Structure formats: C-alpha cells, structure tokens
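Below is one structure, written out as structure tokens, with a few remarks after it.
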Amino acid sequence: MDEAKLDAQDREPDRRGFLEKLAGWTMTGGLVLAYGTCGVMAARYLYPSRSRGTRWQFVVQASRMGLGDTLIYRSPAGERVTVARQGTTGDALDFIALSSTCPHLGCQVRWEPSHGRFLCPCHNGTFDSRGVATAGPPFQAGQSLARYPLRSENGLLFIDVPLESIATLDEAG
Amino acid sequence: MTLAQKKTIISILAVLFLASLVFVQATEVLRRRREAGLSAPRVAVPASSTACVECHAQETPGIIDHWKGSTHAEKGVGCVECHQADPGDADAFDHYGARIATVITPLDCSHCHPTEFQEFEASHHAAAGNILASLDNRLAEVVEGSRVPFDPHTPTPGRSSAGPVNGMASVAVGCQQCHGSQVALLATEGKSITFEDLVPDGNGRPTNAAALARVRKNADGKPLFDPDTWPNTGIGRINLDGTRGSCSACHSRHDFSPRRARQPENCGKCHLGPDHPQKEVYEESKHGVAYRDLREHMNLDADSWVLGQDYSQAPTCATCHMSGNVRNGGKITHDPGERISWTNRPPVSLVMDTDAAHKVLTESDPELRRTLVKDTWQEKRQRMKGVCSACHTPDYVNSFYEQYDDFVVLYNEKFAKPGQQIMDELWKQGLLTRAQFDEEIEWTWYYLWHHEGRRARHGASMMTPDYAHWHGMYEVAERFYVELVPQARELAARAAEAGKEVEAQAALAVIDEILARPEHDWYEQ
Amino acid sequence: MSALSSWFRARLTVPWDTLRELTNEPVPNHLKHWWFCLGGTPLYLFFVQVATGILLAFSYQPSTRTAYESVRYVTEQADYGWFLRGLHRWAATFMVAAVVLHQMRVYFTGAYRKPREINWIVGMCLLLSTLTLGFTGYSLVYEQLSYWGATVGANLADTVPFVGGFLKRMLLGGDAYDEHTLPRLYVLHAALLPAATIGLVALHVAILRLQGVTEFRCATEPRDAPRFFRLFPDHVLTEITIGLVLMILLAVLATIFPATLGPRADPLSTPEVIKPEWFFYVAFRWLKLFSGTAAVLSLGFVLFVMFAWPFIDGWIRRRKPESELSVWIGIVGVLAILALTVWEASVEH
C-alpha cells in the first residue's frame, strides 16, 4: 500500500484525542444497541411468550357434583381429565382436575373412592387425591398427575385446557 | 471527512435507528391490544358434542354455523349440554345414541343462568302466553277462525284430500307466535297433551304416567308435537315442563346473541304494528334517529354494555327497559316491568303498583293498596329516570314525565274512562249481544283503546309527536266523536224502537252526561 | 486479547498479514461519492433479506392449503411478525431498485469496458437472480395476485420458442398450477436462488478485487488530491452508515406502510386486474404492446443486448473511439424503462 497516496487526513491514525475515542465508543454502543434491539425482536418472534391454544371451557354445573363424585371430562383436544370434588366450601377450590394419563408410560388411571386414590392398572402405580404418586414406578420417579387449572363462575365450573393437538388439526389453518 | 466525523454520524444514525425501533415496539403493543380484543376465538367442539356437530354440519349447516359464532361455543357448551333430556321427560327421545329433547325451555337455560330465569319468570313477558282467556284470543279463534275444524265447502285444486279446515291457524301463526303457544304433544287417541295433563313437578318432570303413556311417537320413537303449537318461540310460551317463556324469543338460537338482543329490531318482531307500534315510535323518535346514525360506534359486540360507560350515543329498547347503566351499577334486568310506571295495555291506563306476585294492583282503596303494594310505580319510575339521567338533566327528565303523565291522564279522563263507561252501560242495559265483535260498536271501541289509544300513549311515552298526535289522539278523538258516540246513540235509538225504552234512556243519559262535561261541550254546540 | 489471538494464530496457519494486505484494498477516491456506493447497498439489503427470510421461514408453510394462513399468522399473530414481513417486503423493493441503479451507474461510467466484461455478465446474472427472487417470493404469499401472477408468468414462459413448454413445466412442477408448484417456488426462493446469489456475489467481488476498481477523477478535483483511501476502516464505516440509513428507512416504512394481506388465492376466480410486482411493469407493458412470439422474442433480444453490451460497446468504440453513443443509448433506455413502468402503473389493463 502506497502510504503517499492515502488521504492526508487519514494518515494520522495515532491521534487518538478524547473526542475521537468518544466517537468510537458511541458508535460501537449505538450499533450494538440498535442492531441488538432488532435481534431481540427477532428472538421474541421466534419464542412467543404467551402460550396460545388453551381456553377456559365449561365442564359442569358445580351443584351437580357431590362430595366424592368424579367425572371424566374429555377436552376438545381429546385428553381425558378426571374432575373430582373434594370439598364443600362452594368454590373452585373444592375441585381438582387431574390428567388421567399416568406419567410413567401413559396408561389411563382410575379413581378408586374406596381407597381414596388413583390407580394405574398397568404397573400398579398409585396417586393420592392431589395427584402425587404414592407407590409404583411413578412414585419411584417422583412424578405426579398433571393438573389443570379450574375456576368457578356463577356456580359453573370451567377448566383451562388446550383446544387442539396434532391429532385434531386435520383442517387447514 | 475524518474517521471521527464518520463515527459520530454513525452514532447519530444508530440513535435514529433505535428511535424507529421504538416506533416499531409501540406498533407491536398496539397490535397486541387490538388482537386481544378483536380476534374471534377459534371454536373447539366439546368432546360430548363432536358426533352431533359432524352430522349436523352436513344436515343443517346453519345451526352449526350459528352455534360456532356463539359464546357457548367459545366456552365449550355444545349441543348435549342444552339438549340432553331425562328419560322421564315427556318429549325426550333417543337420537343416534343420545337422549335429547328438541324444545329448550327456560328451565333448561336456568341451570347456568338462574338469575335471568328468575327475573324473566316474574316478568310480564313470561305471562304473555296467558292471553288465552282474554278478548284478543276470541278475536283470532272465533272471529278470524274457528275453534272447531270445519269442512272446506269447495275443493282446492291440487289439495283435494287435504281434510278439514284448521280454524286455529290464525291463532297459531299470529297471536301465539309472539305471545307463545301452549306446547302440546300429539296423543295416540287424536287429542293433545299439554303440561296441564302431564302435571310436571318442580324439576319439570311429568308426574302423570297415564298422560305420558298417551304420547304419540313416530317410527323412531320421537314424540310428535302438535303442529299448531310447535314451532313456536313466543316469549310467553307455556312449556311441557310447566315453565313459561322462551329465551330464544330474544336470544335467537343458535348463537343466542346478546348483540342482537340489544338492537331494537329484535324487540320489533313483536312490539310493532297498529296496536302497539313501539318499534315504529322508537324509530321516529330522536333516540331512534341517533341510533340509526351511530350504531356502529355503540359497542354492540361488547361483553359489558353499560350505558354511560361502554356506549352513550343513543338508547335502544334494551337500554331503557333492561340493560345496565352507570346509575344502577350496570345491573341488567330480564323483567322490563321493573322500570315501567304506567301500564298502557288496558283500555284505561293504570299506574304500575305491583304486589308480591308482580301483578298490577287495581284496588282503589288507598289503605288496602298500601298494604298490598310491593313495588310502587314511583320506584319503577325512579329506575327508569336513572337511565334517562345518563344523558339528560333532572329538570328535563322530570318535565318530560309531567308531559307524559298529563297526556295519559288526558286520554284516560277524556276518552278512555268515558268510552268504557258508555260501553259498560250498553252492556249493562242489555243493548249489546253477549257475543263480542258481532256489532260495529264493539269494533269501534276496540279500535279506540286497543289500537289508536295505545298508539297515542306509546307515542307520548317515547317522545314521538306524530304517533302521539296524528296516529294517536287525533284518531282517538275521531273514533270517539265520529263513530263511538253516534253508534252508541243509534244503538239506543233502535233499542227504544224495539221496545227497550228504559234501557235506552239510561244509556243515552250516560252519554249525555259525558258530553255535557266541559271538555266535551264543544261537541254539541 | 493478544494472548487469545496468538492462540488462534498458532493453530490457524493462515498468512494473516498477507490477508490483511489483500483485503484492505485501496479504494479509489471517487468512492467517497455516494453515487458510487450503490454496489454495497444491494449486498447489505441481501443480508437483510437472508436474515428476515430465515426468520419468516420458521413460520411459513409451503402448501396451498396452509400457505396463506401461515402468512396471516406471521402478519397478525406472531410477535413482531408483521415487522419482519414488512422489512422483507420493503427490502425487496429497495434491493431491486439498488441493483438497477447500480447497473445504471456502472453503465454510464463505462466501468463494464475491457477487461471488465465478465463482471458485467456476472452482474447481469445477479440482476436476473434478484428479479426472480422477487417474483418467486411474492408467489409464496398465495394471495390472489400471487397465484394469478405465477400462472401468467408461467404462461408467458410457455410462449418462448422451443424451450417454452419445458420452462413452464419446470416452473409449475406440472402442466398447471397444482400442489407441486408452491414447494418448488419455495425451494427456488429460499434455497437455490439465495445460494446462487451468494456464489455470484462472491464471484462479482472477487473479480472486482482482482481487477481493482476503475479509477475516476472528477474534473473539479484538485490535481494533488490523494487517489486512494483505505477500505478498512474508512469505506467500511461508509458502508455501515449506508446500512443504518437503510435500516431506518426500512423500519419506518415497514411500520407506516406495513405488508398487507389481500384475498386468498382462488383458482376459480380470476381478479379483474392482474399485475406483477412493480419491477416487472416494464416487461409486462412491453409484452402487452406486442403479441405472442414477437413479444417474447423481442424481450429476449433486449436481454441479449444487455448481456452482450460490453462487446457491442467495444465494437462501437473501435469504429469511433470517442463515441458517446453508449451514453445516448443509455439515456434512451432509461427513459423507455421509466415510461413503460409508469404507463403500466397508471392503467388497469
């Protein structure tokens, strides 16, 4: 590179005055901030924060279930959920909604009122009334039945479930 | 340009870029807010109703489309939740593996909407089906039709084997489609079975097994409805389970849309016509004009629709008579009677003092009245004034009510009570036959109070001058002076000729006394 | 830091100093004029397109049944999806404009002349690649105009003599627009053409670097002004500046004029007006002025002339050394392009 042919002003790379240093830092900072924000937006786009696809769905009139009653609710996505009434205070806390799918290998569990427990017939895993495993392979793995949120409105019980699974997505869009 | 200058420029540009990204972020936030409000949620069919929806989407796609647009569908209330029936129900039948009933009564809706059910059952709307004993029904069943089927006397080309003429057709298609039929099942021996035969208990289940056994069913085991009584969504329909009413009269199925119920066109299915033109009156009034202009801005789709808070452009029927407003804490009532202070239904208007059974008091003794009244007309008027005051000042509202009261009282005192007096006297003196509507004066009187008199009063109540005056009091006056009085006098004269001089004199005396009053004395001058 | 760099140097035995010398090319002074920065602009925009395109590809579904809904999802639901799509749309427009302006600059400054004919041809290939990227990209949205634009385009390709049928079938993946077409266009747009573009750009820059940038001196410049300045950091900073200006423009435009979604493609309903993207207006109007084979052949001829221009120009200048005919032809060409484009833009048919 022929130094003589370089622009005269640019031939002084070592004159690092304070202002020039400042210009350098603000430039780098500005670029990082601006393009960085773009990057954050791109990241947000890739990782949507809210989980869509669940909605509160009607289950039953609360008055129709007495203490100890259970019903099997089938969600629109096809999941079986055991809804049991365990209290009588008259709000959503009386109820519990547990997935009927055993976390061990996916068999369907049954509620046994006489024993006050859920039993999985495949490998005799058992769960207490809150869905926590008490015996069998799920207990050994420290697993519990998945719980679904419940709420009560005007005496009507609602459950927050996913609306779709791959199985139900048979239409376009 | 030095390096430092270049770097400074880049810094400035980077800040500008960042600023534009702030703009982007703001747009994103706005978009998310809009999306939260506007996006029509996709409906997932509840598991219990998937079979229904699959088949009916082919058979009756309209029903499924409507339902998918409803809040029920959003919340997972499907076909089975409403249509499921107990085996003991009179109209239950097996349908592709489900036990269902076609007709949904307010009792069915009450399982999830108990408040609305209670308010509605107490309202006059629910009582609409009970006109069966009133004058109107004779008009449709006897005068316009026939209570007993009769032979067609000449054949109709193409329908030679049609059978006898159904004289109740006018009632079934006319009166009862608004007022509500008494739902009946066909019986095996040819008659019909209603709730009176079934004697339902508190849960709507029939207790009379014999009546149940007589229900005629088709080859698939489905009970057959009397076609005179079903289809029917009259608001006072008397159902097989003993409840009165039909929620789908206003919340049409299957989307049960509150949006539709808020619009005057909904009420206008029944509240219109020459005898109670509420819809026409509303449309002509300033309220109706404002509504027509501004309806897109009135948030009709909103969940919460409180006057003064979610909208204030104009009131609709629902606004004044049912919906919540900022003065009453946004509380809706399904009993429109709660805010009405005059009942303009009878020939002579009465104030709406109601007793514990929500019936209008006719008792004239003030002491007795005081003991019977549960909700006074003044309290009702206060509730209505609460609505008015969302837009109008107290002086405005109070003076309006003075105008309204004056008008109703004028009508009452000048035409309604005198007219009633004249007719009562004619009946009392035996100058009229027992049968209704067989003499001209009976029609005259009917027009005066039932059609023109009502129009006048409705026009006054909803500030529509043309209906109050030209379609109203003007025609009332004409009917009274040009027809009722001369017809009454002629009746008396003919009765005197036929030998009933004493009775005729009595009737004429009543007429003369009325016409001698100062408000009528112009007539004879 | 120097410990880290010596760690790398010990393992990656690359002649770093030679490399630095090779890459830190002296940039002729005239490049301080912004008109000469139009080459870096499409390159920067290409990077923007690749970045936003990859992000969009996470959500796009190339099936006729779900394509439109996936675009709707990006536009209406995905966080910042509308923004990324807007950037992608606007950067496409800018990139085509920048390529065309760059080509005009090269043309009018005669920088295609010997020994730079090969690079001109590579540049022409880049032009065609960019235009095809624009065409295929819009077809992916599966709006009405996407579908019908692709159909019309394929039918136009069909009118090319001899190879027309083959071209149409290759484009559509069948005899008509069917379920094979969209995946085909998608691979073209998202894989083949970007790869080809990267290769062509690498070739373009390599040849440019090997041959050096044509030097220019303006008549107004003082005699003793330096002839070169450094690529790094000077020219790089200039390019960063341009990049920032572009990003600001793109971000603002994407927000004020966001990419919208027209009606979904309906193969059974032809819209009243079918138009391609704006950069095809000139060709569209040209084809409508003539009919059938004459139209396609004449367009092909024009393309051929564009490709072969350095040689044609060389032939002219051998006849008349100081001829300015190329400039006049260029002016006429630019005006014609503008006129045809504006004409097509202002009428419906």
(request) Tell me the trypsin sites (Lys or Arg not before Pro) within the range C:54-110 that lie in a loop according to DSSP and have at most 12 other beta-carbon atoms within 10 Å. (result) none
(request) Between the chain alone and the structure with every protein chain in place, find the residues of the range B:51-100 that drop at least 50 Å² of accessible area; heavy atoms, 1.4 Å probe. (result) B:Lys75
(request) Note down the magnitude of the dipole of the range A:66-129 about its Cα centre, charges +1 on Lys and Arg C-beta and -1 on Asp and Glu C-beta and zero elsewhere, to the nearest 20 debye. (result) 200 debye
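How much accessible area per residue does the range B:256-308 have, counting only protein heavy atoms and a probe of 1.4 Å, in square angstrom?
Dividing the accessible area of the range B:256-308 by its residue count gives 53 Å².
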(request) Return the sequence-ordered ³J(HN,Hα) values of the range B:275-285 in whole Hz as given by the Karplus equation 6.51 cos²θ - 1.76 cosθ + 1.60 applied to θ = phi - 60°, using x for Gly and Pro. (result) 9, 7, x, 4, 5, 5, 4, 4, 4, 7, 6
(request) Please turn the phi angles of the range B:238-248 into ³J(HN,Hα) values with the Karplus equation 6.51 cos²θ - 1.76 cosθ + 1.60 (θ = phi - 60°), one per residue in order, whole Hz, x for glycine and proline. (result) 9, 8, 5, 8, x, 6, 10, x, 8, 5, 6
(request) Per DSSP H run of n ≥ 4, the term is -39500 (n - 2.57); total these for the protein assembly as shown, divide by its residue number, and report the mean residue ellipticity at 222 nm rounded to 500 deg cm²/dmol. (result) -14000 deg cm²/dmol
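Please report the carbon-and-sulfur percent of the accessible area for the range B:1-98; probe 1.4 Å, protein heavy atoms only, DNA, RNA and ligands left out.
Of all accessible area on the range B:1-98, carbon and sulfur atoms account for 62 percent.
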(request) Count neighbours as other Cβ atoms within 10 Å of each site's Cβ, and list the trypsin sites (Lys or Arg not before Pro) in the range A:102-142 that are DSSP loop with at most 14 such neighbours. (result) A:Arg130
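May I ask for the accessible area buried between chains B and A, both sides summed, probe 1.4 Å, to the nearest 100 Å²?
On the way: alone 29000 and 12200 Å², together 38640 Å².
Interface between B and A: roughly 2600 Å².
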(message) For a quick check of understanding: with a 1.4 angstrom probe and all protein chains in place, what accessible area in square angstrom does A:Glu112 have, to the nearest ten?
(response) 40 Å²
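Taking a ≥ b ≥ c as the square roots of the eigenvalues of the Cα gyration tensor of chain B, is the shape rounded (a/c under 1.5), prolate (a/b larger than b/c) or oblate? Spell out each step's value before the answer.
Working: a/c = 2.52, a/b = 1.38, b/c = 1.82.
Cα axes put chain B in the oblate bin.
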(request) Estimate for me the total accessible surface buried between chains B and C (protein heavy atoms, probe 1.4 Å, no ligands or nucleic acids), in Å² to the nearest 100. (result) 1900 Å²
(message) Apply the a/c threshold of 1.5 to the C-alpha gyration tensor of the protein assembly as shown and tell me whether it is rounded, prolate or oblate.
(response) prolate
(request) Quick one: which residues, 5 or more positions from B:Val306 or on another chain, have an amide H under 5 Å from its amide H? H modelled 1.01 Å from N in the peptide plane, none for Pro or chain starts. (result) B:Tyr311
(message) Quick check: the angle from helix C:193-211's long axis to the longest principal axis of chain C, C-alpha only, nearest 10 degrees?
(response) 20 degrees
(message) Leaving out ligands and nucleic acids, and using a 1.4 Å probe, what accessible area per residue does the range B:335-417 come to in Å²?
(response) 55 Å²
(request) Give the interface area between chains A and C as buried accessible surface, both sides summed, probe 1.4 Å, in Å² to the nearest 100. (result) 2300 Å²
(request) Can you list which of the chymotrypsin sites (Phe, Trp or Tyr not before Pro) found in the range C:95-191 are DSSP loop residues with at most 16 other C-beta atoms within 10 Å? (result) C:Phe162
(request) Using a 1.4 Å probe on the heavy atoms of the protein chains only, list every residue of the range C:246-272 that has 10 Å² or more less accessible area in the complete assembly than in its chain alone. (result) C:Met247, C:Ile248, C:Ala251, C:Val252, C:Thr255, C:Ile256
(request) Would you mind calculating the relative contact order of the range B:280-396 from Cα pairs under 8 angstrom and at least 6 residues apart, reporting the percent as a whole number? (result) 21 percent
(message) List the residues, sorted by chain then number, that are 5 or more residues from A:Gly125 or on another chain and whose placed amide H is less than 5 Å from its amide H.
(response) A:Cys120
(message) Given the options C:Val205, B:His153, C:Ala92, identify the residue whose Cα lies farthest towards the positive end of the charge dipole of the protein assembly as shown (+1 on Cβ of Lys, Arg; -1 on Cβ of Asp, Glu).
(response) C:Val205
(request) Any chance you could check the range C:49-63 for residues losing 50 Å² or more of accessible area when the partner protein chains are in, compared with the chain on its own (1.4 Å probe)? (result) C:Leu55
(request) Go through C:Arg169, C:Arg318 and list them by solvent-accessible area, largest first, probe radius 1.4 Å. (result) C:Arg318, C:Arg169
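The values are calculated or read from the model by the stated rules, or taken from the named source; none is laboratory data. In this text the structure is predicted, and so the values were computed from the model without any measurement. As a convention, Cβ positions derive from the backbone with ideal geometry for all residues, glycine included, and neighbour counts pool all protein chains shown. When the accessible area is computed, the model is the full protein with side chains, heavy atoms only, and any ligands, DNA or RNA have been set aside. Shrake-Rupley method; radii C 1.70, N 1.55, O 1.52, S 1.80 Å.
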